[in-house]
1. Name the residues in region 12-25 that are farther than 19 Å from Gln63 by Cα and crowded, with 16+ Cβ neighbours inside 10 Å, would you?
2. Between residues in region 35-50 that are in contact (Cβ under 8 Å) with a residue 24 or more places away in the chain and residues that are small (Gly, Ala, Ser), which pairs lie under 8 Å by C-beta distance while being six or more apart or on different chains?
3. Only one of Ile44, Ile35, Ile57 is aliphatic (A, V, I, L, M) and open to solvent by 80 Å² or more (accessible area, probe 1.4 Å); which?
4. Read through the list (1) open to solvent by less than 90 Å² (accessible area, probe 1.4 Å); (2) modelled with pLDDT of 90 or more, then give the number of the only condition that Arg50 fails.
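The values are calculated or read from the model by the stated rules, or taken from the named source; none is laboratory data. Being a predicted model, the structure only gives us computed values, none of them experimental. Cβ sites come from the backbone with ideal geometry, for glycine too, and all protein chains shown count toward neighbours. Note: areas computed on protein heavy atoms with side chains; ligands, DNA, RNA excluded. Shrake-Rupley method; radii C 1.70, N 1.55, O 1.52, S 1.80 Å.
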Amino acid sequence: NKDGVETLHELRAAGNETRVALSSGYTELEVKKRINGDRFDAFIQKPYTRESILAAIKQVLEQA
C-alpha cells in the first residue's frame, strides 16, 4: 500500500500533471519536506471539516 506522498512521487515521475489534493494528519510544512519539491494543488489538514474539503476542491478546480 502506498501513501499519498508516494503516489504523488510516482505520478510526477511519470510526467503526470494530474491535479492533486493531499490530506494528512501532519502539517502542510511537514508534508512539503517529504515531497522534495513535487507539486500538489491543495492541502487538507486532518481532522478535516466539510468546509475545508470544499475549499480544497475549489482550489484544485480553480487551477484548471
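1. Within region 12-25, Ser24 is the sole residue that qualifies.
2. Partner pairs satisfying both residue conditions: Phe40/Ala21; Tyr48/Ser23.
3. Details: Ile44 fails: open to solvent by 80 Å² or more (accessible area, probe 1.4 Å); Ile35 fails: open to solvent by 80 Å² or more (accessible area, probe 1.4 Å).
Just one listed residue meets the conditions, Ile57.
4. (1)
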